1. Give the residues of the range 167-186 that are assigned to a strand (DSSP E or B), over 15 Å from residue 120 (Cα atoms) and touching a Ser or Thr at 6+ places or on another chain (Cβ under 9 Å), sorted by residue number.
2. Which of the residues spanning the range 160-174 are under 18 Å from the mean Cα position of the chain (by Cα) and loosely packed, with under 15 Cβ neighbours inside 10 Å?
3. Applying the selection to the range 110-144, what residues are modelled with pLDDT of 90 or more, farther than 30 Å from residue 100 by Cα and exposed (fewer than 14 other Cβ atoms within 10 Å of the Cβ)?
4. Please pick out the residue among 149, 176, 188 that is in contact with a Leu (Cβ under 9 Å, 6 or more places away or on another chain), of a type in the set (Asp, Glu) and over 17 Å from residue 100 (Cα atoms).
5. Among what's in the range 187-196 and is loosely packed, with under 14 Cβ neighbours inside 10 Å and touching a strand residue (DSSP E or B) at 6+ places or on another chain (Cβ under 9 Å), pick the residue that is nearest to residue 114 (Cα to Cα).
Amino acid sequence: MKKLLAIAAGLMLIGTTAFAQSFGAGYVNSIQKYNNKSTAANGFYAGFGYTAEILPGLSLNPGIYYEFITAPEQSIHFGKLASFSGKSTEHYVNVPLQLSYAIAFSPSFKLFLYGGPTANIGIASTTKVAGTILGYSDGEIINNYEDKDYSRFDIMLGGGIGAEIAEKVRITAGYDFGMLNRLKNTDDVMKRNRLTAGAAFIF
């Protein structure tokens, strides 16, 4: 992980004249698969990216992005006797190191494909739980990373398609597959995939 971060940071610090820089943000739909069950969460991402052309049409695209996702509240009711609910939120830093290939249809319009790995690093993960029994209510916020069996780190592999307009705006949509099991010291399997769609302003 340290090597990947060092490579991305080094590429960002190389003379800016070789780079197209961008600030992007967009929507995230996260699918977490635990054994044979799937749960969905939604959120957003935002951050900075760089495009360095290696060959005509072929570019290297490092970057660094913040990602926030939250799952809908889950509730269980036992008639009027008791009820329980929980809601999770997660914060990540993503460091993509991807390649893209663009085809220019005019001086002001390009279509491109992109793909490659992204280091996905968990910053914070909490679950807010609440319960009511016979009219008495209580709740707490659980730090999920206090459980040493829940890993902060994942490598996502994916790609997508995009369009660049007037060398000022970039629109993308893509899908990433989590390659690592987020659970340690257990036979259970938890992996996370995500769909992203957003826009970036090039400067």
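The values are calculated or read from the model by the stated rules, or taken from the named source; none is laboratory data. Small disclaimer: the values here were computed from a predicted structure and weren't measured. Because the Cβ atoms are built from the backbone with ideal geometry, glycine has one as well, and the counts that use them run over all protein chains shown.
1. Correct list: 170, 172, 173, 174.
2. 161, 173
3. Those that are modelled with pLDDT of 90 or more, farther than 30 Å from residue 100 by Cα and exposed (fewer than 14 other Cβ atoms within 10 Å of the Cβ): 124, 143.
4. Answer to the check: 149.
5. 189
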